[in-house]
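The values are calculated or read from the model by the stated rules, or taken from the named source; none is laboratory data. Just so we're clear, the structure is a prediction, and the values are computed from it rather than from any experiment. Counting neighbours? That spans all protein chains shown, and the Cβs are built from the backbone with ideal geometry, glycine included.
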Amino acid sequence: MAKKEKHIGALSEKEGVQPPKSVSDSSAKKLKEKRKEVPSVSQLVAGILAGDKTALSRAITLVESTAAKHQTQARQIIEACLPHANKSVRIGITGVPGVGKSTFIEAFGKLLVSENHKVAILAVDPSSSLSKGSILGDKTRMEDLVKESNAFIRPSASGDSLGGVARKTRETIILCEAAGFDTIIIETVGVGQSETAVHSMTDFFLLLKLAGAGDELQGIKRGIIEMADAIVINKADGENVKAARFAKAEFNRALHLYPPKDSNWVPKTVTCSALKNEGITKVGEMIDRYISETRSNSYFSEKRKQQNKFWLLQTIEDTIKSEFFSDPKVKKELKKQLKALDANATTPFEAAKIILQLVK
């Protein structure tokens with residue numbers, strides 16, 4: 001009687017792919033260990049100055065880390081890179097979700113690369129307020145630009161920082177400039193107060209809008225137009241062309257309601273279709289004119305100085321806040337006061353007064 005064959009289920013484990021005979025076990029082990037090696041600060045700095053994207057990415061990871069050891073290394077890297085920074089044009093781009101920021105940035109980035117610019121894109125992805133997770137999908141959305149050797153795309157989770165702007169974006173800008181990127185584009189989440197934070201670290205601030213989306217007056221009400229150096233109405237194609245022209249006229253009228261800017265630049269409104277790559281060149285030319293005009297009247301350098309002062313004060317505030325909440329006495333008393341607050345045994349103001357007295 002023939003032996004019954006053993007049945008193998010579809011979910012059974014199969015033998016994995018064996019390494020080629022040409023690679024010895026010792027060589028494979030060395031390669032694996034090399035990948036795990038953490039470069040020194042001097043190695044990372046040398047790599048950044050040589051334009052190595054891997055070294056740049058690793059350094060940015062250290063900058064974004066909250067670990068004390070990584071923060072020390074990050075400071076050393078930033079100090080070494082600082083003399084090689086401040087040679088780029090920084091462009092902030094904002095707009096509501098769905099306005100086509102990623103599509104526009106890819107089209108604009110490809111234009112800049114074709115003009116022999118080196119472009120770094122710092123795209124801040126919104127983090128979930130519950131899970132703290134983030135998709136970090138900008139590299140997926142910009143699939144053509146990511147292949148360009150002169151383009152660098154770094155998606156970062158916004159965390160719980162102001163308006164979704166990543167906590168260490170400003171330091172990341174310095175590293176990108178030291179790596180030779182002459183144009184830095186910062187994409188905001190497009191919600192909350194992120195526009196204010198990005199405006200404080202960029203030279204040109206671009207607001208993307210949609211025609212016929214019902215947010216023309218909303219944009220005016222929020223006051224974001226006052227910060228914008230240009231309004232670009234995206235998706236001006238097909239049936240939207242007429243609506244885009246109408247929106248352009250509306251925004252141009254709105255711009256006249258605001259006082260003249262210190263830069264003497266009169267904000268412009270243009271239409272484009274990032275999907276069809278129409279009008280992108282006009283946007284590039286407009287930004288070039290702005291940079292040329294503000295450099296000639298010294299506003300460009302003056303704005304950079306004001307931004308540095310702002311970030312000095314911001315860094316002091318952030319450091320004081322961090323050190324305050326890290327104090328063991330504060331941690332202990334905070335827990336106690338929170339329980340008292342839940343039991344209606346105190347008020348938020350009285351609880352704050354007690355906690356603040358601990359560090360006097």
Going through the range 326-360 in order, the residues found to be part of a helix (DSSP H, G or I), exposed (fewer than 11 other Cβ atoms within 10 Å of the Cβ) and not basic (K, R) are S326, P328, D342, P348, F349, Q357
Restricting the range 202-215 to residues that are in a loop (DSSP other than H, G, I, E, B) and modelled with pLDDT of 90 or more, the one nearest to R58 (Cα to Cα) turns out to be T202
Looking across the range 159-188 at residues that are closer than 21 Å to Q307 by Cα and part of a loop (DSSP other than H, G, I, E, B), the single one that is modelled with the lowest pLDDT is S161
